[in-house]
There are 2 protein chains.
Amino acid sequence: MTQTSQELRSTITADGMLRLHLEQVELSDPGPGQLLVRIEAAPVNPSDLGLLFGPADMDTLTLDDGGSGLSARVSDAGLAAVRARIGQSLPVGNEAAGTVVAAGPDQAHLIGRRVAMIGGAMYAEFRLIGIDACIVLPEGAKAADGASLFVNPLTALGFVETMRAEGHSAIVHAPAASNLGQMLVRICQEDGIPLVNIVRSTAQTDLLRGIGATHIVDSSADSFTADLEQAIEATGATLAFDAIGGGEMTSQILNAMEAVAARKMEGYDRYGSATLKQAYIYGALDTRPSILRRGFGFTWSIGGWLLFNFLRSIDADTQKRMRARVADGMTTTFASHYTATVSLPDLLTTDIARACTKKATGQKYLIVP
Amino acid sequence: MTQTSQELRSTITADGMLRLHLEQVELSDPGPGQLLVRIEAAPVNPSDLGLLFGPADMDTLTLDDGGSGLSARVSDAGLAAVRARIGQSLPVGNEAAGTVVAAGPDQAHLIGRRVAMIGGAMYAEFRLIGIDACIVLPEGAKAADGASLFVNPLTALGFVETMRAEGHSAIVHAPAASNLGQMLVRICQEDGIPLVNIVRSTAQTDLLRGIGATHIVDSSADSFTADLEQAIEATGATLAFDAIGGGEMTSQILNAMEAVAARKMEGYDRYGSATLKQAYIYGALDTRPSILRRGFGFTWSIGGWLLFNFLRSIDADTQKRMRARVADGMTTTFASHYTATVSLPDLLTTDIARACTKKATGQKYLIVP
């Protein structure tokens with residue numbers, strides 16, 4: 001017996017067109033360790049947008065004849081960047097929550113329970129998934145509460161784990177007013193970790209002040225550099241996580257860390273301070289090149305940070321501890337907020353698709369297939 | 001009893017002037033573990049130029065009245081970058097070789113021997129130094145042979161140690177035709193390590209071909225990107241050392257590594273390959289910002305690499321093994337070549353000072369105080 005499911009697919013063709021459509025797939029019966037889940041809520045995360053829309057020019061987005069899908073143009077430069085996916089019909093959606101409708105013989109007790117899931121292909125009606133990629137939600141949990149329990153919560157907790165593993169004692173985060181940023185504020189409050197929050201407006205400053213953040217620095221202020229140095233000095237932060245990626249943010253953070261470290265140096269050293277300054281780029285909200293003005297000596301490192309790499313790097317006990325904390329804090333520490341709820345067919349309309357691609361902080365859509 | 005010594009000093013004043021002059025200093029008698037060395041040869045390394053000339057505009061270089069020193073203007077932007085050294089009279093010169101003229105009671109057997117030294121303040125007549133910062137040269141060794149036995153040899157060997165410690169199996173190096181680059185070619189030949197040499201001209205290609213380098217890629221060629229990818233594919237290099245720093249070289253290397261890794265991927269992954277691509281920036285031949293075009297996914301790291309940090313990170317046995325190898329290969333693997341020999345007073349003339357600042361590959365001056 002199989003289960004028929006509608007699944008959102010993204011395809012980029014060799015002639016430079018992105019196409020989004022719903023594909024009917026057949027899911028086999030769950031085997032041992034597997035669940036068949038009816039998807040009830042899936043967020044549109046910034047980390048989903050790259051696969052969903054690729055480098056398509058959203059101004060060229062049009063409804064296909066018959067309304068069966070959307071198409072948009074991809075520039076030649078954009079096409080070169082995604083040559084590895086050309087012609088492939090790719091399922092989309094990193095995470096979701098839903099109800100178990102069938103299960104392998106060893107998981108039959110979970111039928112009827114709600115679970116949170118990670119693993120791709122979540123913008124669909126059903127998902128066949130291994131139990132290892134699920135968190136079983138408490139009885140009575142709403143689908144919306146469980147939809148975003150993997151990507152943002154584990155990323156925010158991953159920052160703290162990374163901080164501890166690498167011997168730092170405070171964190172700089174940009175942009176800090178995102179759903180993830182707000183989670184990080186709450187985690188750091190609970191754990192007593194000094195956190196420097198970089199935001200882009202006074203409204204965002206107010207938002208974070210409202211949830212109890214202490215060190216908030218507005219990058220749109222003239223005093224940004226001085227404010228950042230002051231916050232870094234106050235917290236002792238030598239580690240940063242930056243989802244902006246493009247432009248000068250990472251460089252500004254490292255230079256501010258170096259300026260603070262230099263004040264404590266006894267003599268001049270043309271190679272800079274011996275304080276290790278570490279930044280991780282974990283997103284690409286700004287897809288322009290990163291500009292590094294290397295005024296921060298020679299004791300620094302910038303790396304990519306990817307949740308999936310991080311999860312592979314930690315042991316099973318740490319994984320379990322992190323997931324338990326996420327389930328416990330589902331409606332508090334790790335609560336997400338959504339701008340609007342849309343159906344899968346809704347997503348295949350030009351207005352809603354375009355709205356989803358606006359990477360505005362605080363804007364987040366929830367798909368209810 | 002003390003020893004009088006003329007020592008080259010570099011000072012930047014608050015009103016934006018760089019001044020170079022000779023200062024007379026008194027060195028105390030060597031204590032236990034110390035040597036007093038008459039300096040006979042000291043190289044002008046790229047790593048010395050930052051301290052020596054700072055961000056001064058060399059076009060404004062003039063001889064002081066009476067010929068006692070040189071002065072040059074520092075721009076306001078340049079001044080901001082070196083505010084930590086303003087007003088300090090700083091000794092210059094990372095390494096040198098010379099003859100031991102006096103020694104602490106436990107080191108008396110070394111009087112009359114030639115040593116190579118590291119530790120700064122080497123552009124001088126004499127240097128009081130700890131035995132730990134010296135390599136005792138074989139009997140009959142020339143001063144010129146021992147002058148450059150620390151910075152370049154230990155840096156080149158440090159690249160190989162770093163490669164092994166971090167689990168890589170090949171190296172990309174830019175710019176590869178330097179004295180250091182040639183050493184690295186010879187080390188990698190001896191150790192059987194695949195090395196991708198990035199050069200900037202056909203003349204440099206010929207030079208490296210002449211000493212037996214296999215993979216040479218010319219960044220001035222139209223086919224640079226394709227050539228680099230081919231060499232990276234052939235060697236399996238996932239580690240790079242780049243002394244250029246500014247511009248796009250580091251980014252180009254990482255993108256080439258990613259292109260090679262992507263060819264081996266089974267399916268498309270919008271986060272890029274899971275191959276860790278590591279680049280170290282160990283110099284600043286190009287002081288412009290580094291531009292990162294992040295087409296290399298999320299599994300990457302770029303860091304500063306500094307000899308002094310590296311030496312602090314390794315154990316005593318590794319230090320000893322590296323120094324013994326350098327002494328053994330003084331006139332072969334680790335031989336340096338100099339454009340010209342100049343005295344300390346020569347260095348305080350506008351023509352020679354300007355010539356020293358030209359960071360042209362293959363140009364290297366030896367100071368004979």
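Of A:Ile131, A:Ile171, A:Ile39, which is the most mobile in a GNM of chain A whose springs link Cα atoms less than 10 angstrom apart?
With Cα springs under 10 Å in chain A, the top fluctuation among A:Ile131, A:Ile171, A:Ile39 is at A:Ile131.
Could you grab the relative contact order for the range B:1-61? Cα pairs under 8 Å, six or more apart, rounded to a whole percent.
32 percent
Over the protein assembly as shown, how many pairs of lysines fall under 21 Å by alpha carbon, counting only those 8 or more apart in sequence or from different chains?
The number of close lysine pairs in the protein assembly as shown is 5.
Rounding to the nearest 20 debye, state how big the charge dipole of chain B is about its Cα centre with +1 on each Lys and Arg Cβ and -1 on each Asp and Glu Cβ.
340 debye
Per residue of the range A:317-326, what does 6.51 cos²θ - 1.76 cosθ + 1.60 with θ = phi - 60° give for ³J(HN,Hα)? Whole Hz please, x for Gly and Pro, Karplus curve as stated.
My calculation for the range A:317-326 gives 5, 5, 3, 5, 4, 5, 5, 5, 5, 5 Hz in order.
Run the numbers for A:Ala226 and A:Lys142: contour at 0.36 nm per residue of separation, minus the present Cα-Cα distance, in nm.
25.8 nm
If I stretch the segment between A:Asp59 and A:Ala316 completely, what's the gain in nm (0.36 nm per residue apart, minus their alpha carbon distance), one decimal?
88.0 nm
Looking at chain B only, what percent of DSSP beta bridges run antiparallel? Nearest 5 please.
65 percent
In the protein assembly as shown, how does Rg compare with the Kirkwood Rh, expressed as the Rg/Rh ratio over alpha carbon atoms?
My calculation puts Rg/Rh at 1.04.
Counting only residues 5 or more places away or on other chains, whose amide H sits under 5 Å from the amide H of B:Glu23 once H atoms are built in the peptide plane?
It is B:Glu7, B:Leu8, B:Arg9, by chain and number.
Taking θ as phi - 60°, what are the ³J(HN,Hα) couplings along the range B:274-280 by the Karplus curve (6.51, -1.76, 1.60), each to the nearest whole Hz, with x for Gly and Pro?
Ordered by residue, 3J(HN,Hα) equals 8, 7, 6, 10, 10, 10, 10 Hz.
Relative contact order, percent, of the range A:152-310 when contacts are C-alpha pairs under 8 Å separated by at least 6 residues?
It rounds to 21 percent for the range A:152-310.
Given H placed 1.01 Å from N in the peptide plane, which residues other than close sequence neighbours of B:Gly303 have an amide H under 5 Å from its amide H?
Distant-sequence amide H within range of B:Gly303: A:Ile302, B:Ala279, B:Tyr280, B:Ile281.
Over the protein assembly as shown, what is the percentage of antiparallel beta bridges among all DSSP beta bridges, to the nearest 5?
65 percent
Can you tell me the mean projection area, over all orientations, of the convex hull of the range A:152-310's alpha carbons? Units nm², please.
Average of the hull's projected areas for the range A:152-310 equals 8.9 nm².
Using 18 Å as the cut-off for backbone N distance, which residues of the range B:197-233 belong to the label zone defined by a point 7 Å from the Cα of A:Arg83 along Cα→Cβ?
What the label zone holds, given the 18 Å backbone N cut-off, is B:222-233.
With +1 on the Cβ of every Lys and Arg and -1 on the Cβ of every Asp and Glu, and nothing else charged, how large is the dipole of the range B:152-310 about its Cα centre, in debye rounded to the nearest 20?
Using Cβ point charges on Lys, Arg, Asp and Glu, the range B:152-310 gives about 220 debye.
Antiparallel versus total DSSP beta bridges in the range B:107-237: what percent is that, nearest 5?
Antiparallel bridges: around 30 percent, rounded to the nearest 5.
Using each residue's phi in the range B:175-191, evaluate 6.51 cos²θ - 1.76 cosθ + 1.60 at θ = phi - 60° and report the 3J(HN,Hα) Karplus result to the nearest Hz, with x for Gly and Pro.
Values, residue by residue: x, 8, 8, 5, 3, 4, x, 5, 4, 5, 4, 5, 4, 5, 4, 4, 9 Hz.
Amide H to amide H under 5 Å from B:Thr238: which residues, 5+ apart in sequence or cross-chain, H placed 1.01 Å off N in plane?
Amide H neighbours of B:Thr238: B:Ser169, B:Ala170.
Could you check which residue among A:Met183, A:Met322, A:Met122 shows the biggest mean-square fluctuation in a GNM of chain A with a 10 Å Cα cutoff?
Judging by the Gaussian network model, the answer is A:Met322.
Looking at B:Val217, B:Leu285, B:Val82, which one has the Cα that reaches farthest to the positive end of the dipole of chain B (charges on Cβ: Lys, Arg +1; Asp, Glu -1)?
Positive-most Cα among the choices belongs to B:Val217.
Relative contact order for chain B: what percent, with Cα pairs under 8 Å and sequence separation of 6 or more?
17 percent
Bear in mind these aren't lab numbers, they're just calculated from the coordinates by the rules spelled out. Bear in mind the structure is a predicted one, so any value in this text is a computation, not a measurement. Using ideal geometry, Cβ is built from the backbone for each residue, glycine included, and neighbour counts are taken over all protein chains shown.
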